[in-house]
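Asks: This is the structure I want to talk about, given as structure tokens.
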Amino acid sequence: MTPLQRTSKKTGIILLPVLIILGLAAALTINMLFLSRLRLRERESILHTAQLHAALTDAALQAMQRLADDEDLQADHPKETWAQSLEYTTPTGISLWIGITDQNSKFDLNNVWFESTPNEQLLAQDALMDMLTYLGDYNPVDRIQALADWVDPDEDGFRESDWYEENDLSNRCPNAWLNTISELTRVAGFSKDYLTNRHEWARSSSSYTLRDYLAVIPGSRRSPVPINVNTAPPALLRAVAGIGQDTWVDYLLTFRANGALTSLDPLMAIVDASKADYLRKILDVRSTVYAIHVRAFQGDHTARLLALVRRDPTDGGVQVLQWML
Ligand SMILES: [Ca+2]
Ligand SMILES: [Ca+2]
């Protein structure tokens, strides 16, 4: 073998590991570039999300201020400033939509039980059954009993924790109020689509869902959380007033069409005497609990916030009950 041949063979032996190392280095570089781009995208996404969340929070705080600034805390109606939805774009290019819905415009399902005499609780449950029947749930008795057992503090009913255990369900009665409307699906007799099934009024072709009339306001109470006659949909008012009270509800709707009701007295002066006590407890002209909905958009990114807040009717102070981003 000549010296030249020996050198070429050695060079070949050296070149192979060099090529492998170069190949590995290139693969590593590509991988690092890929990872750094991925991290950059992740960082950008985190930054976008953080910017959207900051904008949502800022918008919700402004909405709470609008509620606090309401000039008349003793009456609430859909023409007030707080009730108008808002849209604007921030200097950083985030588009925002803000809407406030009055939760007292619906019936609070937690009214199924409250600290009171057994007789008053039964009256409230009977009224809830009548109302649901009017709204299209023609067999609400077992459901309302199950809901009352879910909420009431004892374990003495037909649908208490024992029943869920005997039926191999993982649920147990919390014996406390519902926190969200989605919790309703865990209560015996309530299906996932109970609130969203479409019903049709017997007297018209318009369709609706129970979700339009029912709310969940968390918190204990000593009397039912009332429905605001200025903001409640006519069908809910008819359902609450009961069969045979259509003329009275027509008066109510005529009154409020001429301006917000600031007192229940004119209505109570003309209501059926047998209904007056209950209606005084379940109706009001003001609201105390509101849902603030905020949506934020920027490019392909969107985010939402739902805040449930309670406003003190004496000083207008607004307190957060739930904050869901
Ligand atoms: Ca007001
Ligand atoms: Ca119970």
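Bear in mind that the values in this text are calculations on the coordinates, not laboratory data. Treat the numbers as computed from the prediction; the structure is a model and nothing was measured. No Cβ is skipped: glycine too gets one built from the backbone with ideal geometry, and neighbour counts run over all protein chains shown.
Asks: I want to make sure I understand the PRE zone here: with the label point 7 angstrom from the Cα of Arg222 toward its beta carbon, which residues in the stretch 117-148 have backbone N atoms less than 16 Å away?
Replies: Under cut-off, by backbone N: 117-118, 120-121.
Asks: Would you mind ranking Ser85, Ser223, Ser287 so that the residue whose beta carbon has the fewest other beta carbons within 10 Å leads the list? Kindly include the intermediate steps, with their values, before the conclusion.
Replies: Values: Ser85 10, Ser223 13, Ser287 29.
Result, fewest neighbours first: Ser85, Ser223, Ser287.
Asks: Under a plain spin-label model, where a point goes 7 Å from the Cα along Cα-to-Cβ, how far apart in nm are Phe158 and Arg211?
Replies: Going from the Phe158 label point to the Arg211 one covers 2.9 nm.
Asks: Whole percent per 5 Å bin, from 0 to the bin with the longest distance: what is P(r) over all C-alpha pairs of the stretch 180-325?
Replies: Bin by bin from 0 Å, the calculated values are 2, 7, 13, 16, 17, 18, 13, 8, 3, 1, 1, 0.
Asks: Turning to a different aspect of this structure: Out of the chymotrypsin sites (Phe, Trp or Tyr not before Pro) in the stretch 107-143, which ones are loop residues according to DSSP with at most 12 other C-beta atoms within 10 Å?
Replies: Tyr138
Asks: Might you report the magnitude of the Cβ-based charge dipole of the chain about its Cα centre, with Lys and Arg at +1 and Asp and Glu at -1, to the nearest 20 debye?
Replies: 2600
Asks: Set Lys and Arg Cβ to +1 and Asp and Glu Cβ to -1, take the dipole of the chain about its Cα centre, and tell me which of Gln145, Gln322, Leu237 lies farthest positive.
Replies: Farthest towards the positive pole: Gln322.
Asks: Ok, one more. Report the residue, chosen from Thr133, Thr89, Thr101, that carries the largest GNM mean-square fluctuation when the chain is represented by alpha-carbon nodes joined by springs under 10 Å.
Replies: Thr89
Asks: Once the Cβ-Cβ distance between Ser45 and Asp315 is put in as r, and R0 is 30 Å, what FRET efficiency do you end up with, to the nearest 0.05? The partial results should precede the final answer.
Replies: Details: r = 42 Å, r/R0 = 1.39.
Once rounded, the FRET efficiency stands at 0.10.
Asks: Another question about this same structure. Compute the label zone of His301 within the stretch 83-99: residues whose backbone N is under 13 Å from the point 7 Å along Cα-to-Cβ.
Replies: Output list for this probe position: 92-95.
Asks: Further, regarding this structure: Trypsin sites (Lys or Arg not before Pro), restricted to the stretch 210-241: which are DSSP loop and have at most 12 other Cβ atoms within 10 Å?
Replies: Arg222
Asks: Continuing with this model, one more query. Got a sec? Charge dipole of the chain, +1 on Cβ for Lys and Arg, -1 for Asp and Glu; which of Val18, Leu123, Ile282 is way out at the positive end?
Replies: Farthest along the dipole direction, towards plus: Val18.
Asks: Can I ask one more? For the stretch 108-282, what does the alpha-carbon gyration tensor say about shape, rounded, prolate or oblate, given a ≥ b ≥ c as the root eigenvalues, a/c under 1.5 as rounded, and a/b over b/c as prolate?
Replies: On the way: a/c = 2.26, a/b = 1.61, b/c = 1.40.
Judged from the Cα gyration tensor, the stretch 108-282 comes out prolate (a/c at least 1.5, a/b above b/c).
Asks: Compare the Cα positions of Ser170, Leu47, Gly219 along the charge dipole of the chain (+1 at Cβ of Lys, Arg; -1 at Cβ of Asp, Glu; about the Cα centre) and return the one farthest towards the positive end.
Replies: Leu47
Asks: Still on this structure: Spelling out what I want: for every residue of the stretch 63-74, take phi, set θ = phi - 60°, compute 6.51 cos²θ - 1.76 cosθ + 1.60 (Karplus), and round to whole Hz; glycine and proline get x.
Replies: Each residue's phi maps through the Karplus curve to give 5, 5, 5, 4, 5, 5, 7, 3, 6, 10, 7, 8 Hz.
Asks: Please report, in cubic angstrom per residue, the volume enclosed by the convex hull of the alpha-carbon atoms of the chain. The partial results should precede the final answer.
Replies: Working: hull volume 76.6 nm³, N = 325.
Convex hull of Cα atoms, per residue: 236 Å³.
Asks: Oh, and also: Compute the acute angle (0 to 90°) between the alpha-carbon long axis of helix 118-134 and the principal axis of greatest extent of the alpha-carbon atoms of the chain; round to the nearest 10°.
Replies: Helix 118-134 and the main axis of the chain meet at about 70 degrees.
Asks: Next question, about the same structure. If you keep only loop residues by DSSP, which trypsin sites (Lys or Arg not before Pro) in the stretch 30-102 have at most 16 other Cβ atoms within 10 Å of their Cβ?
Replies: Those satisfying the criteria are Lys79.
Asks: If you don't mind, another one. What's the lysine pair count for the chain at a Cα cut-off below 26 Å, pairs eight or more apart or interchain?
Replies: Count of close lysine pairs: 5.
Asks: Let me check I've understood the local charge: for Asp72, count other residues with C-beta under 9 angstrom from its C-beta, Lys and Arg +1, Asp and Glu -1. What total comes out?
Replies: Surrounding charge for Asp72 is -3.
Asks: Give me, ordered by chain and number, the residues 5 or more places off Lys106 or on other chains with an amide H under 5 Å from its own placed amide H.
Replies: Asn228
Asks: With the contact rule set at Cα under 8 Å and sequence spacing of 6 or more, what percent relative contact order holds for the stretch 108-282?
Replies: Across the stretch 108-282, relative contact order equals 23 percent.
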